[in-house]
Amino acid sequence: MPDAATQSPKIELHLHLEGAAPPDFMRRLAGEQRTDISGIFDEAGQYSFKDFNDFLRVYEAATTLLKTPDHFARLLSAVAEELAQQGAIYAELFISPDFCGGGDLAAWREYLAAMEEAAVRASAIQGLELRGIVTAIRHFGPETARAPAICAAETAGSFITGFGMGGDELAGTPADFAWSYDCAREAGLGLTIHAGEWGGAASVRQALDALAPQRIGHGVQAIDDPALVDRLAREGIVLECCPGSNVFLGVTPSWADHPIEQLRAGGVKVTVSTDDPPFFRTDLTREFAMLADTFDWAEPEFAEVTKNALAAAFCDEATRDELRKRLEGPRS
């Protein structure tokens, strides 16, 4: 059974908004639109796919149901409810303008306004602070990635606080996307990128050299390069680790083989997130419980990764201070 440490307040830094959509929510949306999406679910009603590339296919098929600003606002509200139930007090959501108006800035503003309103409601009702990380889709190509970067730069503010890139990690090189990252950097946005999930340790090194992000999404394959692990620790690069996702997709064969504890012991600042939780049959509570069961993590380790996440969050200092007070709890 999860102990008090696994039930403590949590901070999540790596969560794809569309990928966090509960299957029941998507089925209701499909019913409203009279659209048959039965092919993306298994007999138990869960998302069904064979491997990572098939996951991308199913993911993108599901997003076709999200057609209006109201759809995304409702989705954000549904995801916020799930997060609050898992004890989250702060989360950053990867949101792609490619799925919110096709990368058009005017359309993106309309989608964003609806999502911001939903985020304000989540803060008032669930006590959950949410921020958005505008996300380019790597396998759509570097030219296509420029539109999300412009959308991010033009709407940077209290809700949109970061820029990142997901998708097929083997498509192109990080340097191909330097323009987009420079655009986001000049707008003062926090930077992250998926690397070291499928592209090996070299993909992490390439991302650091070409784009200079503060955080790396996943990054677990860095464990294969001791010099890179030392560099991550030395430079304070934060890894957005998603162990359940990695195990489900076969990045690592089992929880026992996951390198999160080796990376932490090597001085790397690791955090814990869920990536696309309903796709990978996980949630924050399960992630924490599995870390406790597999690596004997207890209050000190969970406090450490939560402290890492708080320090690395793409939020203003006033919000960070308020979150710190909530994590520390009432003083006696």
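Selection of region 210-243 for residues being over 14 Å from the mean Cα position of the chain (by Cα) and open to solvent by less than 10 Å² (accessible area, probe 1.4 Å) yields L211, P213, V220, A222, L228, L232. Would it be correct to say that A207 is at pLDDT 95 or above, surrounded by fewer than 16 Cβ atoms within 10 Å (Cβ to Cβ) and of a type outside the set (D, E, K, R)? No, not satisfied.
Considered as a group, the residues in region 94-114 that are aliphatic (A, V, I, L, M) and buried (at least 23 other Cβ atoms within 10 Å of the Cβ) include one that is nearest to A313 (Cα to Cα), and that residue is I95.
If you go through region 145-155 and keep only what is under 20 Å from H16 (Cα atoms), open to solvent by 10 Å² or more (accessible area, probe 1.4 Å) and assigned to a helix (DSSP H, G or I), you end up with R146, A147, I150, A153.
Of all residues in region 309-325, those satisfying the criterion of being over 15 Å from S8 (Cα atoms) and either open to solvent by less than 40 Å² (accessible area, probe 1.4 Å) or under 20 Å from the mean Cα position of the chain (by Cα) (or both) are A311, A312, A313, F314, C315, D316, T319, R320.
Within region 160-179, being surrounded by 19 or more Cβ atoms within 10 Å (Cβ to Cβ) and under 19 Å from the mean Cα position of the chain (by Cα) holds for I160, T161, G162, F163, G164, M165, G166, G167, E169, P174.
For region 29-50, the criterion of being among the small types (G, A, S) and either within 30 Å of E299 (Cα to Cα) or in contact with a strand residue (DSSP E or B) (Cβ under 9 Å, 6 or more places away or on another chain) (or both) is satisfied by at least one residue.
Residue-by-condition table, conditions (1) over 26 Å from A119 (Cα atoms); (2) open to solvent by 30 Å² or more (accessible area, probe 1.4 Å); (3) among the β-branched types (V, I, T):
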{"position": "S8", "(1), (2), (3)": "no, yes, no"}
{"position": "H14", "(1), (2), (3)": "no, no, no"}
{"position": "P22", "(1), (2), (3)": "no, no, no"}
{"position": "I37", "(1), (2), (3)": "yes, no, yes"}
{"position": "D42", "(1), (2), (3)": "yes, yes, no"}
{"position": "D51", "(1), (2), (3)": "yes, yes, no"}
{"position": "H71", "(1), (2), (3)": "no, no, no"}
{"position": "A80", "(1), (2), (3)": "no, no, no"}
{"position": "L83", "(1), (2), (3)": "no, no, no"}
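Report, by residue number, each residue of region 268-285 that is in contact with a Phe, Trp or Tyr (Cβ under 8 Å, 6 or more places away or on another chain) and open to solvent by less than 10 Å² (accessible area, probe 1.4 Å). If the condition is that a residue be in contact with a Phe, Trp or Tyr (Cβ under 8 Å, 6 or more places away or on another chain) and open to solvent by less than 10 Å² (accessible area, probe 1.4 Å), then V272, T274, D276, F279, F280 are the ones that fit. Within region 119-137, if we keep just the residues that are open to solvent by less than 20 Å² (accessible area, probe 1.4 Å) and part of a helix (DSSP H, G or I), the residue that is nearest to K325 (Cα to Cα) turns out to be A122.
The values are calculated or read from the model by the stated rules, or taken from the named source; none is laboratory data. All values reported here derive from a predicted model rather than from experimental measurement. A quick note on method: Cβ atoms are made from the backbone with ideal geometry, for glycine too, and the neighbour counts reach across all protein chains shown. For the accessible areas, the whole protein counts, side chains as well, though only heavy atoms, and no ligand, DNA or RNA atoms are used. Shrake-Rupley method; radii C 1.70, N 1.55, O 1.52, S 1.80 Å.
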